[in-house]
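The values are calculated or read from the model by the stated rules, or taken from the named source; none is laboratory data. Quick caveat, the model's predicted, so the values are computed rather than measured. Cβ atoms come from the backbone with ideal geometry, glycine included; neighbour counts cover every protein chain shown. Accessible surface areas use protein heavy atoms only, side chains included; no ligands, DNA or RNA. Shrake-Rupley method; radii C 1.70, N 1.55, O 1.52, S 1.80 Å.
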Amino acid sequence: MLTMIKGPYLQWPTEESMTFMWETSKSATSRVEVMRAERIHSGYQGNYKQPEQILASAENSGYSLIHQLTVSGLEPGTIYFYKVYSQNEQEAAEAGPFPFKTAMLPGEPFSFTVTSETGGYSGFDITGGEINNSIFAQMKKYRPDFSLFIGDIVNDGTNYADWDQYFFSPGKELLQDTPSFSCLGNHENGGSWYYDFFAFTAPKNYYSFDYGDAHFIALDSTDFINNDTYPASSGKFQAGNAQYDFLVQDLQNTSAKWKIVYFHYSPYVSAVIRLKHCGRFVHCWSSIVWILYSVPIRLCMNEVIRCAPAGWISRTGSYMS
């Protein structure tokens, strides 16, 4: 039987486009339809009539298991609805309609939620997954414009089943109408599924995007931490490294009011982690700090050290946590 086993879910929102992804149980074609619905006081999906008029669509007649389509030509900060379809010679499957909203223009307010360790905490979970269910449900209550996941989305990124257990299944209702962004954590283990399931710009382990008055930069801090000497840095985050040069150039090229950077490993932590590798004040890949100080960025978000990353405030008043 042809079914949709992941999603549909939203990726890479811009002011005039949205990317739609899903996975099917068998290889099949891909099609997405975008619709607009009349707003009323009550009705389908809250304050909208059942959407019927198709405004735009995209399709791929080739067969695949993981489907990715982008619809362009939309209006900024606008709520639409979408349906996705897949079929092969014997069967067909569809899902929707679900609402989505394009990115806001500069000057317009927006909100986003942030969490991490949806999979990395698994060794400590005694609730049978209820913690994750509660986290995703709580995020959805805030109706964010998008969500950020700061690494360790799954317990083992090389294990296909983990992606459903820790992310796509508990996050289904949030992800089908809320775009998400993420960065690599140590629990992803550099697994290829991260690159398959997300539509970030190449090389995907680091990238940037604009939303409203903000410019967001995702970095792959795991690329610079040697597991054998963690939390000591491998010392490769320097000029000439592709990711280092990307960060410097990207910050120089943006004029956004808010510059926000997120990555998994904190440059500093506030306790002893492994005495054989470090003292009381641990330096992971602290060379990044001086780049972030110099811009300055407005907000830096990281997570992994469970003894609480130290918040650090730059000379310009930006907050890093």
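Worth pointing out:
- Extent of region 148-201 along its three principal axes (Cα atoms, max minus min coordinate, largest first): 28, 25, 18 Å.
- Rounded if a/c under 1.5, otherwise prolate or oblate - region 14-106, Cα gyration tensor axes: oblate
- 3J(HN,Hα) couplings calculated from phi for region 21-29 with the Karplus curve 6.51 cos²θ - 1.76 cosθ + 1.60 (θ = phi - 60°) are, in sequence order, 10, 6, 10, 10, 6, 9, 4, 7, 6 Hz; Gly and Pro show x.
- Net charge contributed by nearby residues that have their C-beta within less than 11 Å of Ile131 (K/R +1, D/E -1): -3
- In plain terms, the bigger the Kirkwood radius, the slower the diffusion; for region 127-236, with that radius from Cα pairs, at 4 °C and 1.567 mPa s, Stokes-Einstein puts D at 86 µm²/s.
- Whole-percent carbon and sulfur share, accessible surface of region 1-160, 1.4 Å: 49 percent
- Prolate/oblate/rounded label for region 15-171 (Cα gyration tensor, a/c 1.5): oblate
- Per-residue ³J(HN,Hα) for region 60-73, Karplus 6.51 cos²θ - 1.76 cosθ + 1.60, θ = phi - 60°, Hz, x for Gly and Pro: 9, 7, x, 8, 7, 9, 9, 10, 8, 9, 10, 10, 10, x
- Checking every one of the trypsin sites (Lys or Arg not before Pro) in region 1-102 against DSSP loop status and a limit of 16 other Cβ atoms within 10 Å picks out Lys49.
- Rounded to the nearest whole Hz, the Karplus-based 3J(HN,Hα) values (6.51 cos²θ - 1.76 cosθ + 1.60, θ = phi - 60°) of region 203-220 follow the sequence x, 6, 7, 8, 5, 8, 7, 9, 8, x, 8, 10, 10, 9, 10, 9, 10, 9, with x at glycine and proline.
- For Tyr244, solvent-accessible area (1.4 Å; no DNA, RNA or ligand), Å²: 50 Å²
- For Gly77, the residues whose modelled amide H falls within less than 5 Å of its own, excluding neighbours fewer than 5 places apart on the same chain, are Thr102, Ala103, Met104, Leu105.
- FRET efficiency for Gln90 and Ala137, using Cβ-Cβ distance with R0 set to 45 Å, rounded to 0.05: 0.80
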